Structure formats: C-alpha cells, structure tokens
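Readers should treat all values here as calculations from the given coordinates under stated rules, not as data from a laboratory. Being a predicted model, the structure only gives us computed values, none of them experimental. Neighbour counts are summed over all protein chains in view; Cβ atoms, including those assigned to glycine, are modelled from backbone coordinates with ideal geometry.
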Amino acid sequence: MNTIHNISNFSTTEKTYVTIGTFDGVHFGHQQIIEKLVLEAKKANRKSVLLTFFPHPRMVLQKDNSLELINTIEERAELLKKTGLDYLIIHPFSKEFSRMTALEFVRDILVNQLNISKLIIGYDHHFGKNREGNIVQLTEYSHLYDFTVEEIPAQDIDDVSVSSTKVRRALAEGNIETANNYLGYNFMLTGSVVNGKQLGGTIGYPTANIDVKESYKLIPKTGVYVVKSTIDKKEVFGIMNIGNRPTVDGSYQTIEVHFLDFNGDLYNQNLTIELLYFLRDEEKFSSIETLIVQIKKDEQTARDFIKSKS
C-alpha cells in the first residue's frame, strides 16, 4: 500500500476504484467495505484507493476538543496496510477545503485527480460544502463524468452490527474484550516512554510511563488491564494502570505499564500497547503495603489469563 499525504501528490493514468470516509477504528464493518473495494478493483484490473481526511472535520469546523478517536492517524494507516489497498490518501482537512461544492469535489477530486472508475460508499454518505452532496447527486454526476456509484445498503451495514460508537462505548465501560471483537484486532495505545516519579521501582514493580501525545486519542476507562507489546521484536506481556494513582495522592492521569519478566531500559522508546483484558477498577488503598498485596494478586490473575490464551 502506498500512503500519500495530500491529494495533490497523487497522480495515475490508471482508472481507480475509490471509497471515502473517516474509517475511525478500521473495525469489522469498515473492513467489509474495504474488502469489497479491493476485490472488485482487482477483478476489474483497477487500483483501489481509500481517501480519508485529517484532522477530523469536526476538529476543524466545530473546534470540537471533546472528540475522541479510536485510532491516531498513524495507527489507522498501519491498520489499513493490512487490507490489500493499493493507495491510502490522507488529505489535510481545512475550512478552505470544506467550502468545495459537491460538483467541485466530484469533478476536481474524484474525476480529475483520482481518475475514478467506480465509487463505493457507505449508506447515507454526505460530502461537499454544508454536506450538500448525497447519493442522488453522486448518481447524477456519475453519468456526467462516466463513473459508477455503489452505495452499501443500510441493511448490510445493520447486519454487521458494528459501529465506531459501539466500540467507543465498550472502551468507556472497560469492556475491552467486546471492543476487540468489534474491531477484529486489539485496541492499542501508542506513545513514548517518559520519566515518571519512579515509585513503581521502589515497591518492586517498575513501570514504563506512556505518553500518548495525541489529545484526540480515546483513552479507555480508568483501571488495571492485561496488555502486551512488542519490544525488540519479542512479545512481552504486562499489567497497565490508567488513572490518577489515588493511593499516592496522584493529581493527574497517567498510563503506566509493568512488563512481566522483562528487564531493560525503555526510556524514549515508542511503544504500542495492546489491551487484552480489564482486570479491575482503580482503587485507593489504605497503605502502600495494601497496594503491593493487590498488585501481586493482579500479577497472578494476569499470568493466569495469559496462560489461558496461550
């Protein structure tokens, strides 16, 4: 898959099959649309193209700082690499771009820039200035500019029973296994390892403090999770805490991972943490000693879970 930033950098003499959307989560429902696109493009000897936008339109048009996305744009690109797409185009979304009329979008972007042969879109797709474009206009323009349009029926989407909203709800409630089933992969947090207060090391459980720099990235429910990561090309399991560390009077949220059976310096490394299982809610313990007893219980529960899945 070729990843192209900014549609002006894309050029092809070959006809393309295109889909358009945010595809946040690249969940099972999205995967079905993309799989259909890739298969039909190959059959017709065309190139498959997914056009997405970043920042999310709501961030630009509504200044929505509360927006939480399942994937960072980098995570989304990595997930899409596995789908068999020929091209991923990430176009910068701006107020200027949002002012394009539906006709301008079809003519200038789909036809002139992407050399489109077929467009496959989800049910009730809107585009262009004030979201004025819809399936009716797309069909009209497709006759004018000689391409075909296929809309995924609402029934097909409903049958999948997966949406980004359902995934977000599951993560907010700590139902990580449900979320992972919806996604078709393990939900992940990606960030660099930064210096913390190093309290974990003093109680025998050193932790890597993960700094997720993207403010729009959804952080799941506070609590303790079983996780895994790949470090030096090896799969390493661990226990992760998301929370404010009330036992030691923490005043802000942190993401800390204690890796099991691992010794090594991780500072400044970029890690992807996959969440596997929700162990328990965060608690305030009466003493550090009580906290250590609970962490030992968490470790045993985590090891039992890992063993059951191996």
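Observations
- Per-residue HN-Hα couplings for segment 275-283 [Karplus 6.51, -1.76, 1.60; θ = phi - 60°; Hz; x = Gly/Pro]: 8, 10, 7, 8, 7, 5, 6, 6, 10
- Loop chymotrypsin sites (Phe, Trp or Tyr not before Pro), segment 210-290 (other Cβ atoms within 10 Å of the site Cβ: 14 or fewer; DSSP): Y252, Y267
- Remark: segment 295-309, residue by residue, has Karplus-estimated 3J(HN,Hα) of 4, 5, 5, 4, 4, 5, 4, 5, 5, 5, 5, 4, 4, 5, 9 Hz, where x stands for each Gly or Pro and the curve is 6.51 cos²θ - 1.76 cosθ + 1.60 at θ = phi - 60°.
- With contacts taken as Cα pairs under 8 Å and at least 6 residues apart, segment 2-160 reaches a relative contact order of 30 percent.
- Sorted ascending by nearby beta carbons within 10 Å, beginning with the fewest, V257, V226 become V226, V257.
- Proximal charge balance of I120 [Cβ under 10 Å; K/R count +1, D/E count -1]: -1
- Spatial offset of segment 200-253 relative to segment 79-96 amounts to 30 Å, using the alpha carbon center of each.
- The GluC sites (Glu not before Pro) found in segment 91-158 that occupy coil by DSSP, while having at most 15 further C-beta atoms within 10 Å, are E132.
- Residues whose placed amide H lies under 5 Å from that of R280, excluding near-sequence neighbours: V224
- With the convex hull drawn around the C-alpha atoms of segment 2-160, the volume per residue stands at 111 Å³.
- In a DSSP loop and with at most 11 other Cβ atoms within 10 Å, the trypsin sites (Lys or Arg not before Pro) in segment 1-81 are K63.
- Max-minus-min Cα coordinates of the chain on each principal axis give 74, 40, 35 Å, with the largest extent listed first.
- Straight-distance crosslink candidates among lysines, where the alpha carbon sits under 21 Å from K297 and sequence neighbours closer than 8 are dropped: K221, K228, K284, K307, K309
- Once backbone amide H atoms are built at 1.01 Å from N, I273 has L189, T190, G191 as its partners under 5 Å, excluding neighbours fewer than 5 places away on the same chain.
- With contacts taken as Cα pairs under 8 Å and at least 6 residues apart, the chain reaches a relative contact order of 16 percent.
- ³J(HN,Hα) computed for each position of segment 228-236 - Karplus, 6.51 cos²θ - 1.76 cosθ + 1.60, integer Hz, glycine/proline x: 9, 8, 10, 10, 6, 6, 10, 7, 10
- Overall size of segment 166-309 from C-alpha positions, given as principal axis extents largest first: 39, 35, 32 Å.
- If you sort the three axes of the alpha carbon gyration tensor as a ≥ b ≥ c, you get a/c of 1.5 or more for segment 247-310 and a/b no higher than b/c, which makes it oblate.
- Estimated purely from DSSP H runs of n ≥ 4, each contributing -39500 (n - 2.57), the mean residue ellipticity at 222 nm for the chain is -9000 deg cm²/dmol once divided by its residues.
- Antiparallel bridges, percent of DSSP beta bridges restricted to the chain (to nearest 5): 55 percent
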